[in-house]
Amino acid sequence: MGRDLTIETVTPAELSPDELDLWASFVAADPRFASPYFHPRFTQIAGEVAPGAMVSILHRRGRVVGFFPHQRRGGAAQPIGAPLNDYHAVITEPGLDVPLEALPNLLGAASLGVTGWSGPGAEGEGVIARRTLQADLTDGWAAYDAARRAEWNKYFKDKDRSRRSLERDRGEVRVRLDGHDPALLDRLIALKSDQYRRSRLHDIFACGWTADLLRALLTDTRVEGFGARLAVLEAGGETVAFEYGLHAGANYHFWLPAYEASVSRYSPGILLSLDTMRLGSAEGFRVFDYGFEGEPYKKYFCNRSQTVLEGVAHRQGYAGAMAAAFSMAGADAALAAGERFVSAGLGLSVRRRWASIDACETTVVGRARGIAAATAAALNKTRAQAAVSALGVMIIL
């Protein structure tokens, strides 16, 4: 990078029109930045609602050469809008790379936690590689659909039957991609919150500002070629499935899906994704990003992948991830809970829970509640694992 790189940190609202134009030119010049999360408008909107939002502007010999949008939680730095930010990196001019491990020192942060680092960096202690999956429709919907059906004919025939069954039982099936109704968004958020509670995961919408971010993105129309929309699937005139998506240029990111439990047997989320790609392709979208691999259904739709990094980079001389994660909590109980998690062999799961709590909750009360729930969930998981192990021993004996 060179020793002549300096940083100026401002709020997103303080970025000048010239700086925003320069940022957009960096994005347009590098295919790594095609995701809507790298668009300057995403940072501007996130900066209006995300606590601690800021942008570090990188200078070299008096010239702006990069931007890094992030948010601060005490001494720790996170991608702006986290945990609702799936891709992040330093947005730089062509030819300049800023690796993950260099950022904490440049930012003056104790640590930087990432989930989808798309810039340069290396696997190592506390940092792992993950894959995200995409559906590439460069040749159009018809060619894509024919190719996927040729490879997974039985699966797609089954979904065709699900569509017919849903229409037979509930009425005409229709998909709309232009949803901007706040009431529909409120229903999606309610369904997601219920899902988090049932899964004993941290409810990322309980803190308030995360829901405000979705609302602000959905209603924003200032920049052509960037925005959010709510795709919905209706059956018999009733909305039964939702998919909140973010788009920029030819890229469409499937972000937050949800559906009514009463229609789960019809695979409504799958049907909505298929129609979103079909209709979105006609609008000019060419890449549909499904996010992280893991859910089995994604293999049927995705024909390419991207490697990103997840983990925590630390400033030289600072303590480990647990201390950084609780830089604002100020609770001995939190550290003790973290030690119990690690001793139970739940390190990666714990880090993800902590990252979500740390990003969402900016008050001691909110953090304490999140920590208590996470502690209970982890201890229950530990007990369940112990019970399964004991059962295995009994079977062997």
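The set of residues in the stretch 25-59 that are surrounded by fewer than 16 Cβ atoms within 10 Å (Cβ to Cβ) and in a strand (DSSP E or B) contains only His59. Each residue in the stretch 97-127 was checked for being more than 20 Å from Pro69 (Cβ to Cβ) and in contact with a Gly (Cβ under 6 Å, 6 or more places away or on another chain), and 2 pass. Only one of the numbered conditions (1) in a helix (DSSP H, G or I); (2) modelled with pLDDT of 80 or more is violated by Ala337, and that is (2).
Could you tell me whether Glu295 is under 27 Å from Asp203 (Cβ atoms) and among the acidic types (Asp, Glu)?
yes
Here the condition is being touching a Ser or Thr at 6+ places or on another chain (Cβ under 7 Å), more than 18 Å from Ala34 (Cα to Cα) and modelled with pLDDT of 95 or more; of Glu234, Glu260, Glu243, Glu238, it holds for Glu243 alone. Taking the residues in the stretch 294-313 that are in a loop (DSSP other than H, G, I, E, B) and at pLDDT 95 or above as candidates, determine which candidate is surrounded by the most Cβ atoms within 10 Å (Cβ to Cβ). Selected residue: Phe301.
Of the residues making up the stretch 226-236, one or more are in a strand (DSSP E or B), more than 25 Å from Phe42 (Cβ to Cβ) and touching a Lys or Arg at 6+ places or on another chain (Cβ under 7 Å). Asp194 fulfils the conditions (1) surrounded by 13 or more Cβ atoms within 10 Å (Cβ to Cβ); (2) in contact (Cβ under 8 Å) with a residue 40 or more places away in the chain; (3) under 27 Å from the mean Cα position of the chain (by Cα) except for a single criterion, (2). The set of residues in the stretch 197-225 being surrounded by 14 or more Cβ atoms within 10 Å (Cβ to Cβ) and assigned to a loop (DSSP other than H, G, I, E, B) consists of Arg200, Leu201, His202, Asp203, Ile204, Phe205, Ala206, Cys207, Asp220, Val223.
Considering the stretch 78-107, the residues that are out of contact with any Ser or Thr (no Cβ under 7 Å at 6 or more places or on another chain) and hydrophobic (A, V, I, L, M, F, W, C) include one that is surrounded by the fewest Cβ atoms within 10 Å (Cβ to Cβ), namely Leu96. Being at positive phi and crowded, with 16+ Cβ neighbours inside 10 Å is not true of Gly280.
Scanning the stretch 160-179 for residues being surrounded by 15 or more Cβ atoms within 10 Å (Cβ to Cβ) and either at pLDDT below 95 or under 27 Å from the mean Cα position of the chain (by Cα) (or both) gives a total of 4.
The values are calculated or read from the model by the stated rules, or taken from the named source; none is laboratory data. Treat the numbers as computed from the prediction; the structure is a model and nothing was measured. Glycine gets a Cβ as well: all are built from the backbone with ideal geometry, and neighbour counts include every protein chain shown.
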